[in-house]
Amino acid sequence: MTVPNITLNNGITIPQLGFGVFQVPPEDTRAATSTALEVGYRHIDTAEMYGNEKGVGEGIRESGIPRDEVFITSKLNNGFHAYDDALKAFDQTLADLGVEQIDLFLIHWPLPDVGDYVQTWKALEKVYADGKARAIGVSNFQQSHLQRLFDEADVVPAVNQIEVHPYLSQNALRAFNSEHGIATEAWSPIAQGKVVDDPVITKIAEGKGRSAAQVTLRWHIQRGDIVFPKSVTRSRVEENFALFDFELSDDEVAQIDGLNSDERIGPDPDTFNYIP
């Protein structure tokens, strides 16, 4: 199956389906990454906060797949928002991954009451200008946070990675992203497994001969979200990849749309100021 590519606002392309390594233990990350690449994934999403960038790099090298065929995303840890600290943390990411250039680097959280994320963004603008990152973006940014970047910085983020799932559809923020040429990436796309017990989704899944997770991920794909489900079980990794040989009808999409209750599973970006 061929995974569609999304063209970002600077012209580079990113696979719409990727493999996430959030909460994958560092000692298991090499094998998990290698398995995902064997299955067919060519987009890996990690972060400094996850503590497993080295395993991602090892898994990619072990796969034998050329570096330019694997799209790698990582994210700045919350304790490194000062300009110089952000530059040093970025260089450490390159060293831990064992690469000379990363495809996409994000500010993980805006931390609105800690430091100044505009200065943090300007550090990312520098690594982008220096060619060390092919694209830069943000994660968990609200409209107000993005507007400050538009007003005070030079580069428009390529992506905004936010919590999105059937219970938090984020339609307003997704529309705002789109209006400004920013691609939306969806973290926690299956609501940390809550969809498997949802009667609306399970009924659609039964009719399709698919799992509830597959139906939910397909909903994301048809909306245009970039998704990167995670699993350390090969059968689940394969299942999450099998999204491109079926479609949801308009009515089925509408049924899933109707589940939205603006329910967050993760922190609220307007008040989350955690530094590990």
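The values are calculated or read from the model by the stated rules, or taken from the named source; none is laboratory data. Given the structure is predicted, the values throughout are model-derived calculations rather than measurements. FYI the Cβ positions are ideal-geometry reconstructions off the backbone, even for glycines, and counts take in every protein chain you see. The accessibility values were calculated without ligands, DNA or RNA, using every heavy atom of the protein model including side chains. Shrake-Rupley method; radii C 1.70, N 1.55, O 1.52, S 1.80 Å.
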### Message
Conditions first: (1) under 27 Å from Val237 (Cβ atoms); (2) touching a strand residue (DSSP E or B) at 6+ places or on another chain (Cβ under 6 Å); (3) not β-branched (Val, Ile, Thr). Met49 passes all but one, so which condition is the exception?
### Response
(2)
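Quick grid of which residues meet (1) closer than 23 Å to Ser231 by Cβ; (2) under 19 Å from the mean Cα position of the chain (by Cα); (3) not basic (Lys, Arg):
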residue	(1), (2), (3)
His145	no, yes, yes
Arg148	no, no, no
Asp151	no, no, yes
Val155	no, no, yes
Leu173	no, yes, yes
Phe176	no, yes, yes
Ala186	yes, yes, yes
Thr202	yes, no, yes
### Within region 1-15, considering residues that are closer than 18 Å to Ser231 by Cβ and surrounded by 15 or more Cβ atoms within 10 Å (Cβ to Cβ), the one nearest to the chain's Cα centre (by Cα)
Pro15
### Query
Can you find even one residue in region 197-204 that is closer than 27 Å to Ala32 by Cα and surrounded by fewer than 17 Cβ atoms within 10 Å (Cβ to Cβ)?
yes
### Query
Which one of Gly40, Gly55, Gly51, Gly20 is of a type in the set (Gly, Ala, Ser), in contact (Cβ under 8 Å) with a residue 24 or more places away in the chain and within 16 Å of Thr2 (Cβ to Cβ)?
Gly40
### Query
Do we have any residue at all in region 73-87 that's outside any helix (DSSP H, G or I), surrounded by fewer than 24 Cβ atoms within 10 Å (Cβ to Cβ) and in contact with a Pro (Cβ under 6 Å, 6 or more places away or on another chain)?
no
### Query
What pairs come up if the first residue lies in region 241-259 and is exposed (fewer than 13 other Cβ atoms within 10 Å of the Cβ), the second is at pLDDT below 95, and their beta carbons are under 8 Å apart, counting only those six or more places apart or on different chains?
Asp245/Met1
### Message
Restricting to region 224-257, count the residues that are under 24 Å from Pro26 (Cβ atoms), among the polar types (S, T, N, Q) and either in contact with a Pro (Cβ under 7 Å, 6 or more places away or on another chain) or not in a loop (DSSP other than H, G, I, E, B) (or both).
### Response
2
### Task
Would you mind stating whether Ile65 is open to solvent by 10 Å² or more (accessible area, probe 1.4 Å) and at pLDDT 95 or above?
yes
### Task
Among residues belonging to region 219-228 that are open to solvent by 10 Å² or more (accessible area, probe 1.4 Å) and within 16 Å of the chain's Cα centre (by Cα), point out the one that is nearest to Glu38 (Cα to Cα).
Phe228
### Message
Going residue by residue through region 8-20, is there one that turns out to be touching a Ser or Thr at 6+ places or on another chain (Cβ under 7 Å) and either modelled with pLDDT under 95 or part of a helix (DSSP H, G or I) (or both)?
### Response
no
### Task
Go through region 58-79 residue by residue and tally those that are over 15 Å from the mean Cα position of the chain (by Cα) and without any contact (Cβ under 8 Å) to a residue 60 or more places away in the chain.
12
### Query
Condition test on Arg264, is it open to solvent by 50 Å² or more (accessible area, probe 1.4 Å) and not in a loop (DSSP other than H, G, I, E, B)?
no
